[in-house]
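The values are calculated or read from the model by the stated rules, or taken from the named source; none is laboratory data. Note that the structure is predicted; figures quoted are calculated from it, not measured. As a convention, Cβ positions derive from the backbone with ideal geometry for all residues, glycine included, and neighbour counts pool all protein chains shown. Please note that ligands, DNA and RNA were not included when accessible areas were found on the heavy atoms of the full protein model with its side chains. Shrake-Rupley method; radii C 1.70, N 1.55, O 1.52, S 1.80 Å.
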Amino acid sequence: MQPWTSTPVPRLPGQGAALRLHDTAAGQVRPTAPGPTARMYVCGITPYDATHLGHAATYLAFDLMHRYWRDAGHDVHYVQNVTDVDDPLLERARRDQDDWVVLGMRETALFREDMESLRVLPPRDFVGAVEAIGEIVEVVGKLLACGAAYRVDDPEHPDIYFDHRAAAHFGSESGYDEETMARLFAERGGDPQRLGKRHPLDPLMWRTAREGEPSWDCELGPGRPGWHVECCAIGLNRLGIGFDLQGGGSDLIFPHHEFSAAHAEALTGEHPMARHYVHTGMIGLNGEKMSKSKGNLVFVSRLRADQVDPMALRLALLSGHYRSDRSWHTATLDEAVTRLGRWRQAVALPAGAPARYVVCRLRARLADDLDTPGALAAVDAWATETLTGPGRDADAPALLSAAVDALLGIVL
Ligand code: 5CA
Ligand code: ZN
């Protein structure tokens, strides 16, 4: 798929320390250690509805990691998928008597526009499940051949499932106990009751064709892919095993990322699939998780239509720590508008407080598990000093603007 358009990123003098991030598998903050090319995979949208503030907050967090690695001199190979064929999309299309392909294309186009307006740097590879069917079939075929996948004993629908016990490190990404896994599997799209499975937790890899559902002809028999194998195939084929980061919201810790990692281990014999598993907190509205099923969504496109400055929206979403579950309030946006105004006022002056140390502080705060509240506070302090004190440094406003642009993605 065509990703969205990139915006230029200014180069800053010097560079920061290694980026430290919380790794779900390790249960702690650890330094990342990418090679010259940092390899990151972030789970993309299921395009059956517009981008809401929860999605946006998640992609903004990974955008800052992307930017930090670029600032540190890495070439970043960023891969993102689009789950453009799956149950929720097909169900929505059926409900609205829409064509599922058209619905997916329309929402993906809107997502691109939203990301571009928020100045999220695009992935190098933006890959739809539909265009990766051949890759997915290959992975399922290999796992079937080596016995890690199997067909259920159902003559009408001999669907293919993954035997999760084929991966020795299964469970090491989430660290959840069996009871929690069983609960989350049932809540998040799994089918523990399906007859004929070797184990209730085994996830679907290939769903044989059903009346009224799309299917693809291939050596597995006509059907469509399961969800976890999509991200395993798309990620491994572009980044190789042992890439630097796999990311998504905390609702993807289990089952999605656990099973993608287990597929990869069964396929390659290597572990882990990703060196860091990074998860963002959930954005809620008035104390409830913002989700399509609850219908309490605030859409990026709606705010854009209401003339909200995308830079204020970006700043508002970065004002909380990426790992904390947090609630969206109108006040969050109002505060960001005020803050952005102050920053803009300060950089418009002919001189300001020295900015070099602010760049250091910004980098240091971001390197510490993306402490955006601390990073914003550093810029606030500079703006206050500049607006209230004598302007001593004529280069400071331009340097500060460049740093806020390169590291936080905010154009002043
Ligand atoms: N297509 C799959 C991933 S392969 C998927 O989960 N799609 S999604 O459209 O449901 O979500 C896209 C991303 O937004 C995921 O990383 C998900 O964890 C994240 N997300 C969804 N809801 C929220 C929320 N309320 N707050 C923060 N992030 C969210
Ligand atoms: Zn995914």
In region 217-245, residues that are over 13 Å from ASP86 (Cα atoms) and either more than 16 Å from ligand 1 (Cβ to nearest atom) or charged (D, E, K, R) (or both) total 11
Which condition number does TYR59 fail, the rest of (1) more than 13 Å from ligand 1 (Cβ to nearest atom); (2) part of a helix (DSSP H, G or I); (3) out of contact with any Gly (no Cβ under 7 Å at 6 or more places or on another chain) being met? (1)
Residue pairs within 7 Å by beta carbon, gap of at least six or interchain, first lying in region 249-270 and polar (S, T, N, Q), second open to solvent by less than 10 Å² (accessible area, probe 1.4 Å) and more than 13 Å from ligand 1 (Cβ to nearest atom), listed first then second, are SER260/MET273
Per the list (1) open to solvent by 40 Å² or more (accessible area, probe 1.4 Å); (2) of a type in the set (D, E, K, R); (3) closer than 16 Å to THR51 by Cβ, residue check on ASP334 breaks on (3)
List the helices (runs of 4 or more DSSP H) that sit entirely inside region 165-276 and contain at least 1 residues that are open to solvent by 20 Å² or more (accessible area, probe 1.4 Å), of a type in the set (A, V, I, L, M) and away from ligand 2 (no atom under 16 Å from the Cβ). 178-187, 258-268
Inter-residue pairs, beta-carbon under 6 Å, first farther than 23 Å from GLU138 by Cα and in region 188-207, second modelled with pLDDT of 95 or more and aliphatic (A, V, I, L, M), 6+ apart: PRO192/ALA186; GLY196/VAL152
Scope region 277-287; condition among the polar types (S, T, N, Q) and surrounded by fewer than 22 Cβ atoms within 10 Å (Cβ to Cβ); matching residues: ASN286
Limited to region 25-47, what total is found for residues that are out of contact with any Gly (no Cβ under 6 Å at 6 or more places or on another chain) and open to solvent by less than 40 Å² (accessible area, probe 1.4 Å)? 8
Select from region 54-84 the residues that are closer than 19 Å to LEU366 by Cβ and among the hydroxyl-bearing types (Ser, Thr, Tyr) and list them in ascending order. THR58, TYR59, TYR68, TYR78
Which members of region 70-101 meet the condition of being basic (Lys, Arg) and either within 20 Å of CYS43 (Cβ to Cβ) or surrounded by fewer than 16 Cβ atoms within 10 Å (Cβ to Cβ) (or both)? ARG92, ARG94, ARG95
Is there a residue in region 339-350 that is in contact with a strand residue (DSSP E or B) (Cβ under 9 Å, 6 or more places away or on another chain) and more than 29 Å from MET290 (Cβ to Cβ)? yes
Tell me, which residue of region 337-369 that is more than 23 Å from ASP395 (Cβ to Cβ) and hydrophobic (A, V, I, L, M, F, W, C) is surrounded by the most Cβ atoms within 10 Å (Cβ to Cβ)? ALA367
Inter-residue pairs, beta-carbon under 6 Å, first closer than 18 Å to LEU297 by Cβ and in region 33-56, second open to solvent by 20 Å² or more (accessible area, probe 1.4 Å) and within 8 Å of ligand 1 (Cβ to nearest atom), 6+ apart: THR46/ASP86; THR46/PRO88; TYR48/PRO88; ASP49/LYS292
Identify all residues within region 385-412 that are without any contact (Cβ under 8 Å) to a residue 12 or more places away in the chain and among the hydroxyl-bearing types (Ser, Thr, Tyr); write none if there are none. THR388
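Applying the selection to region 1-24, what residues are part of a loop (DSSP other than H, G, I, E, B), of a type outside the set (Ser, Thr, Tyr) and open to solvent by less than 50 Å² (accessible area, probe 1.4 Å)? Talk me through it step by step, then tell me what you get.
Filtering region 1-24 for residues part of a loop (DSSP other than H, G, I, E, B) gives 1-19, 24.
Filter once more, so that each one left must be of a type outside the set (Ser, Thr, Tyr): 1-4, 8-19.
Matches in region 1-24: PRO3, TRP4, VAL9, PRO10, LEU12, GLY16, LEU19.
If you go through region 25-52 one residue at a time, how many are in a loop (DSSP other than H, G, I, E, B) and either away from ligand 1 (no atom under 16 Å from the Cβ) or under 17 Å from GLY235 (Cβ atoms) (or both)? I'd like the intermediate steps shown before the answer.
Pass one, region 25-52, residues in a loop (DSSP other than H, G, I, E, B): 25-27, 32-36, 43-51.
From the residues that got through so far, the ones that are either away from ligand 1 (no atom under 16 Å from the Cβ) or under 17 Å from GLY235 (Cβ atoms) (or both) too are 25-27, 32-36, 43-46.
Counting residues in region 25-52 that are in a loop (DSSP other than H, G, I, E, B) and either away from ligand 1 (no atom under 16 Å from the Cβ) or under 17 Å from GLY235 (Cβ atoms) (or both) gives 12.
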List the residue pairs whose Cβ atoms are under 6 Å apart, where the first residue sits in region 357-374 and is farther than 14 Å from MET65 by Cβ, the second is basic (Lys, Arg), and the two are 6 or more positions apart or on different chains. GLY374/ARG365
Within the set of pairs 6 or more residues apart or between chains, which connect a residue that is part of a helix (DSSP H, G or I) inside region 98-116 to a residue that is among the basic types (Lys, Arg) with Cβ atoms less than 7 Å apart? LEU103/ARG92
